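Contents: one structure, followed by commentary.
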Amino acid sequence: MTHVGRIATGVGLLAALCVPGEAVAVPTSPPVAPPPLLKVEPTLNLVLNGEAFLLRDAFAILEGRPVSAHLAPAVRTTMTQARTGALAALKDQRVYGWNQALGPLKDKPLSLAEAERFQRSVLRSHAAGVGEPLPDNVAKLALILKANQMARGKVGVRPEVPERLLSMVNAGVVPVMPQIGSLGTGDLQPQAAAGLAALGENAPVRFQGVVGPASEMLPRAGLVRDFSFQAGEALPIISGSTVVAAMLMDALRRATVLADQAEGAFALFMEATRAEQSSLDARTHKERHIPEQDEVATRLRAMVKGSGWMTEEGRKRLDPANYHPRIQDAVSVRAAPHIMAGLRHVLADARQTLTREANSSTSNPLIFKREKGTAYEFVMGGNWDGSVMGHLADTLNAEIADLGVLSQELSGRLLSPRWSYGLPANLAGGTPGMNSGMVQVQTVAAALVPEMQVRATPAGTLSRPVKDGQEDHNTMAMASVRHLWENLDRLETVLAVQYLMSAQGIDLITKQMSGLSLATATRGLLTEIRRHVPTLADDRYMTPDLERAVWLIHNRRLVPPTTTAAA
């Protein structure tokens, strides 16, 4: 599995909805069509200099593109000079993690011999994480980010250290990095496991689909088994927020695609309810001076352009004798561009923050040249802190949860003839009463939304002191991004419900709307859904239908042509 609770292809994705011990009907609808054959992507060749890492490269790595990463030639000189300066500075400075111990034991001095042994000891003690490991592509990205940050020459390690990490990435060796255990940084537990693997210890790694101890798997991958970290080189491995950054980049990638598909789901809902287009009027949105809102409304106008359903004629068709012009649609319809704009605004902030994070020094301590002369000095501070990313993850999670609430509200409206302006009750395709339609499909979304709301509680406000008060404020950023990942999984299902129900609503009134066409974009979305899920006539086993719709969302098959996905 790529994420906690991630939906995969095939029947059984929503098995939790089945009651143990009860007979399960064999679905009669056709199976999901297999995804198209993937073309072989060319290798992504990265030259890291600590200054120019791009989000588009991160997204490519997260998508599984083969990658080969190396340090820029000039980086070795910069890092070697900084390393020499760091060792010289130790003669006059007591430095955390170099010639002093860590955490509550920071006042314990280390001799040069002890400092060498201390590196391995630090990684062993900190590699105490548990839980599901990071997905392979996220782990690869975290190592590449760590190497890129080291390339800046501000943490005092030899160039051989990031080169060792990159050699593992390039050889296809992925450290097994547990997600649970870190508080404010994200790197302490997972990157300690990666550090042990880099040393050639028995920490687990995955190579060619097989998990085994690094001591065995590194030689199998053509790498030298043993490696040593010298004084001060273990701490920069575990000090920082590269794991949080990699996880948040993956969330950014997924959230952007889901935002695209949410707009498509809303456009299809508007067609099903023959909504008023006045809420998309460009003048209204320009007057609010929120660029993202204006952009969402522009895309929605393009998606429903030319719709004959969303007209006065279309609205009359279901009950011409009793038709009265609508005054205005419900808040969930009129304010949808505004709600979706909140998510787009946070996504834009995330892009800027993560680009900056990838090309910064996020360890402690850092080494700098003194203002006068050629000597170097250590500066101890808090650059490892992940507050900005943690709170950003919380904010993004709040927007994702709110989008889930909106989607569930919209799909709920489709069940009611009064709220949907005349669609059949429960969207039942056969005889009402004898057939219950999609009422329980909508309940799936309603059941997931409270889970989303609970997990959108900002973990960044829940700091607690640890380690004898030495670390008395923690961002809890790992908890924030893990909750975000889980809610992205849930949102896929919630949007799938909305797509299924909107498509059903359209199909149920197609005869009454004869002579009026859907917009080109919405007709394309409906066609794609119907390639995999047939219209519901008499009631049938519904879990496979919903699984197929989730598959479509997860595999980006319902991205409207008027949007631009992140990756």
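The values are calculated or read from the model by the stated rules, or taken from the named source; none is laboratory data. Owing to the predicted nature of the structure, the values given are computational and were not obtained by experimental measurement. Using ideal geometry, Cβ is built from the backbone for each residue, glycine included, and neighbour counts are taken over all protein chains shown. We work out accessible area using only protein heavy atoms, side chains counted, and drop any ligands, DNA or RNA first. Shrake-Rupley method; radii C 1.70, N 1.55, O 1.52, S 1.80 Å.
Translational D (Stokes-Einstein, µm²/s) of the chain at 37 °C and 0.692 mPa s when Rh comes from the Kirkwood sum over C-alpha pairs? D, rounded to a whole number, is 127 µm²/s.
Between amide H atoms placed 1.01 Å from N, distances below 5 Å from GLU132 occur with GLN179, all of them 5 or more places distant or on a separate chain. With the Cα gyration tensor of segment 495-543 giving a ≥ b ≥ c as the square roots of its eigenvalues, does the rule (a/c under 1.5 for rounded; else a/b larger than b/c for prolate; else oblate) give rounded, prolate or oblate? Oblate, since a/c reaches 1.5 and b/c is not below a/b. Rg/Rh for segment 239-285 (Cα atoms only, Rh after Kirkwood) is 1.29.
Here's the picture: charge each Lys and Arg Cβ at +1 and each Asp and Glu Cβ at -1 in the chain, and of LEU484, MET389, ALA265 the one pushed furthest to the positive end of that dipole is MET389.
What is the gain in length, in nm to one decimal, between ALA335 and ARG288 on full extension, counting 0.36 nm per residue of separation less the C-alpha to C-alpha distance? Gain in length upon complete extension: 15.7 nm. The simple Förster model, with R0 at 45 Å and r as the Cβ-Cβ distance, assigns ARG326 and SER68 a FRET efficiency of 0.15.
Mean residue ellipticity, 222 nm, helices only, the chain: the sum of -39500 (n - 2.57) across DSSP H runs of n ≥ 4, divided by residue count and rounded to 500, is -15500 deg cm²/dmol. Would you mind getting me the FRET efficiency between ASP226 and THR84? Use the beta-carbon distance for r and R0 = 25 Å, nearest 0.05. Efficiency computed from Cβ-Cβ geometry: 0.55. In the assembled protein chains, ILE180 presents an accessible area of approximately 70 Å² (probe radius 1.4 Å). A simple charge model with +1 on the Cβ of Lys and Arg, -1 on the Cβ of Asp and Glu and nothing else charged puts the dipole of segment 191-250 at about 140 debye relative to its Cα centre.
Summing +1 for each Lys or Arg and -1 for each Asp or Glu among the other residues whose beta-carbon sits under 14 angstrom from that of ALA69 gives +2. Projected onto the charge dipole of the chain (+1 at Lys/Arg Cβ, -1 at Asp/Glu Cβ, origin at the Cα centre), which of SER228, ALA246, GLN293 gives the Cα projection farthest towards the positive end? The Cα lying farthest towards the positive end belongs to SER228.
Quick one: which residues, 5+ away or cross-chain, put their amide H under 5 Å from the amide H of GLY64? H built at 1.01 Å from N. When sequence neighbours closer than 5 places are left aside, there are no close amide H contacts. By the equivalent-ellipsoid construction on the alpha carbon gyration tensor, segment 267-320 comes out with semi-axes of 24, 10, 8 Å, ordered largest to smallest. Summing charges over all other residues whose Cβ lies under 12 Å from the Cβ of ASN49, with Lys and Arg as +1 and Asp and Glu as -1, gives +1. Taking all protein chains into account, the per residue accessible area for segment 249-346 stands at 39 Å² (1.4 Å probe).
Taken one residue at a time, the phi angles of segment 191-208 give Karplus couplings (6.51, -1.76, 1.60, θ = phi - 60°) of 6, 5, 4, 5, x, 4, 4, 5, 6, x, 6, 8, 4, x, 9, 10, 9, 6 Hz. Gly and Pro are set to x. Largest accessible area first, the residues VAL176, VAL454 order themselves as VAL454, VAL176 under a 1.4 Å probe with ligands, DNA and RNA left out.
For segment 244-395, the orientation-averaged shadow of the C-alpha convex hull comes to 12.6 nm² (one quarter of the hull surface). Pairwise Cα separations in segment 219-304 fall into 5 Å bins from 0 onward with the following percentages, short to long: 3, 10, 13, 11, 11, 9, 7, 6, 5, 5, 7, 6, 5, 1. Annotation: amide H of LEU46 within the under-5 Å range of SER68, ALA69, HIS70, sequence separation 5 or more or interchain, hydrogens built in the peptide plane. Computed from the C-alpha gyration tensor, the three semi-axes of the ellipsoid equivalent to segment 48-170 are 29, 20, 11 Å, from longest to shortest.
Summing charges over all other residues whose Cβ lies under 14 Å from the Cβ of LEU90, with Lys and Arg as +1 and Asp and Glu as -1, gives -2. For the set SER307, SER278, solvent exposure ranked by accessible area (probe 1.4 Å, protein chains only) runs largest to smallest as SER278, SER307.
Over 31 Å between Cα atoms, which of LYS140/LYS372; LYS140/LYS286; LYS108/LYS154 qualify? Beyond 31 Å between Cα atoms: LYS140/LYS372; LYS140/LYS286.
The residue among LEU143, ALA519, VAL176 whose Cα reaches farthest toward the positive pole of the charge dipole of the chain, with charges on the beta-carbon of Lys, Arg, Asp and Glu, is LEU143.
A simple spin-label model places pseudo-atoms 7 Å from Cα toward Cβ; at LEU112 and SER125 they are separated by 2.3 nm. Contact order for the chain, expressed relative to its length and based on alpha carbon pairs under 8 Å spaced 6+ residues apart, stands at 20 percent.
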